[in-house]
Structure formats: C-alpha cells, structure tokens
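Derivation of every value follows stated rules applied to the coordinates shown; laboratory data play no part. Small disclaimer: the values here were computed from a predicted structure and weren't measured. Note that we place each Cβ from the backbone using ideal geometry, even for glycine, and neighbour counts take in every protein chain shown.
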Amino acid sequence: MENIYVRGPCEQDMRGGGELAAPRCPLGNRASGVMDLCVAIKGISFFLQACMGILGNLVVLLAYAHIVYSEPKLLPVDMILCHLAFANLMLVLFRCVPQTMTVFGMRHLLNDPGCKVVIYVYRITRALSVCITCMLSVFQAVTLAPAGPRLSRLKSALPSLVLPAFAGLWLLNMAVCIAAPFFSIAPRNGTVPAFTLNLGFCHVDFRDHLSYVINGAVLTVRDFSFVALMVGSSGYILLLLHRHNRQVRATRRPQGAGAETRAAKTVLTLVVLYVIFFGIDNAIWIYMLTVAKVSPVIADMRVFFSACYAALSPYLIITSNKKVKAKLACAAEQEQPSADNQASGDK
C-alpha cells in the first residue's frame, strides 16, 4: 500500500520523482543547492539499485537456463528460486527503472494505458516476491520435517505441486491487484487531487477515502498473511536445524543431510532479508499515515526500501547456490581461454 497525497502549504507541481510532488516554493541559492544534492543522491541510489537488480536477477535466470539445457529437469527448489528471480526482475524493471528515469528529469514517460500496465505488473510482481519467498520457506520446512505416514505422502507429492502453486499464486495476485489498472492514469498538469498516489511517472487516483482504505486493507492483509506464514515456517526450520545439530554432536557422526542444511540456511537468510525490508517499508508507511504532512524524502525512502529485496536477493542466491556458482565458474573458465587465445593471436 502506498501513501496518499497530502497537499502542503505551497502549490504542488509534477516535478517530484517520489510519491509526493515537490513544492514549488521560492528557494534561495543555498536551498536550491541542497535540493540539487538531494536529487543527485536520490537519482544515483535508484540507478544503482536498478542496475544491481537487473544484473543480479538476469545472472540467476541465465544460470538456470543453462542448467535446464544441460540437465533433464530442475529440482523443485531450483524452480522456486528461478521463479523468484523472474518476479524480482519484473519488479525492478517496472518500478525502479521508471522511478530512476523520473528522478533524472524525464517526463511524460507513459500514457494512461501504459500506466495501467506498469502499475498492474508492478503490483503483481511485488506480491509474487513475498508469496514465492513464503512458498520457498514452506517447501523447505516440509522437506526437513520428520517423515510420518501423512507427511511422507505430502513429501512425495511436493514436486508435482510446484507448478500448480505457481499458477495459483499468479491467479490470486492478479485478482487481488485487479483494481490498480482502473485507478492508474498518466500524470496531469496542475494540482494533484486528494487520495492520489503520486509515483512521479504515474498517478493512482482512488477517487475517495473509502476506496483507498479498502485497497490498502486488502493488500495489507495479503502481505501480512504470507509474511506470518513465512516467519512461522522459518521458525520451524530453525527448530529442526537445532535438533539436527544436537543429534550430530551426540552421535559424532558425519552430517548426512549437508545439502539440505545448506539449502535451509539459504532460505532462512532470504526470509530474514525480506522481513527486514518489509518491516522498514511498513514502519515508514505507518509513519506516513500518522502525520499530516509527509516529506518527499520519507516517501522516496519507502520506495527505495520496498525494492531492496528484489535487488539484493539474487546475489544471495548466487553466493549460496552450488549449481548457480558452478555454472558461473564454468562460464568464467570458458571465457578465460578465449581471452588468452585472443591475446596470443594479437602477438
């Protein structure tokens, strides 16, 4: 859920790149210099975030594409990580890139249909990011859980449930986010109406307070439900890992499930990373709802932190997933001989 527009004491224009338009007030040279510095810092931050997110998620997707080419099929956890990288890549492309272009002064990027598509895809992929991370945590918890009569059947059925789960999550979030295109429009000249989300490159006009509250309540309930499930399953994974470590120390036998343990630790790190940025995002949102006038800097901070998980999570996958690291190492080794041959040919 984003922040509603709050009109400040000065007339608002459409130059701001954050969620609140920048006030058109008379500024001295010193204030103008500070503003230029803030805009530069904001633009560089969004630009670096977009570059990191696009590069990292593309590397993960290309590595898995090579794995699919060389192996008969992906394991369920690899399918989930690949889908997570795709959702995060779409989030960065449809949120961080337009935001960066707006900060650097590019105006009229999208018309009304373009805004509807961009906002709808962004909302869906942002939701998929939390849903797929939750799915990954639950999948790992079921995989590590002690086998029982019922759980054994569930474990054997897990691989066949991955694709239907993806389809269900897409349909769920497409339905929950269906209101976004109806309220999304290109920026208009003049004063921004009340209950309007000013994203800089697009406006989301909710018409009245009731529609704004209903939209925010639905999105909040969905997000917190998946985060709660994610945290619960992660806590169960921690408990299982603690019990496993005690058994290993007691029997002094080598670890038999090293791969599963490493995968579980990667999942836990992803969950912790998401929860941290989710907490910062929602703490800023709660603050924005409790004050009468919100600084554009605060709104820009929320936009930045809401996309940090999508930009940073692929690097965690790259450093912790043995298959991805092996493919990248193989590609680097193939690149090195070709560079050596080129150097010898030049001589």
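Round to the nearest 0.05 the FRET efficiency obtained for Leu238 and Arg107 when R0 = 45 Å and r is the Cβ-Cβ distance.
Once rounded, the FRET efficiency stands at 0.40.
Let me know the charge dipole size of the stretch 33-334 about its Cα centre in debye, to the nearest 20, where only the beta-carbon of Lys, Arg (+1) and Asp, Glu (-1) is charged. Present the calculation step by step, with values, prior to reporting the outcome.
Values: 26 positive and 11 negative charges, 229 e Å.
Dipole size: approximately 1100 debye.
Take Phe226, Phe195 and order them by how many other Cβ atoms sit within 10 Å, fewest up front.
Phe195, Phe226
Mind listing the phi-derived Karplus ³J(HN,Hα) values for the stretch 42-56, rounded to whole Hz, using 6.51, -1.76 and 1.60 with θ = phi - 60°, and x for any glycine or proline?
Residue by residue, the stretch 42-56 yields 5, x, 5, 4, 5, 5, 5, 4, 5, 5, 4, x, 5, 5, x Hz.
Take Asp36, Asp78 and order them by how many other Cβ atoms sit within 10 Å, fewest up front.
The order, fewest Cβ neighbours first, is Asp36, Asp78.
Taking a 26 Å limit on the Cα-Cα distance, which of the listed pairs Lys42/Lys327; Lys155/Lys323; Lys265/Lys325; Lys155/Lys265 fall beyond it?
On the way: Lys42/Lys327 35 Å; Lys155/Lys323 23 Å; Lys265/Lys325 16 Å; Lys155/Lys265 20 Å.
From Lys42/Lys327; Lys155/Lys323; Lys265/Lys325; Lys155/Lys265, over 26 Å: Lys42/Lys327.
What residues of the stretch 315-332 lie in the reach of a label at Val272, counting those whose backbone N is under 20 Å from a point 7 Å from the Cα along Cα→Cβ?
315-322
Positive end of the dipole of the stretch 33-334, charges at C-beta (+1 Lys, Arg; -1 Asp, Glu), about the Cα centre: which of Ile54, Val103, Ser70 has its Cα farthest in that direction?
Checked the options; the winner is Ser70.
Determine the gain in length on full extension of the stretch Ser156-Cys38; use 0.36 nm per residue of separation and subtract their C-alpha separation, reporting nm with one decimal.
37.0 nm
Taking the convex hull of the alpha carbon atoms in the stretch 33-334, what volume per residue do you get, in Å³?
178
Using the number of other C-beta atoms within 10 angstrom as an exposure proxy, rank Lys323, Lys155, Lys73, Lys116 with the fewest first. Intermediate results must be reported in sequence, preceding the final value.
Numbers: Lys323 17, Lys155 14, Lys73 10, Lys116 20.
Fewest-to-most ranking of Lys323, Lys155, Lys73, Lys116: Lys73, Lys155, Lys323, Lys116.
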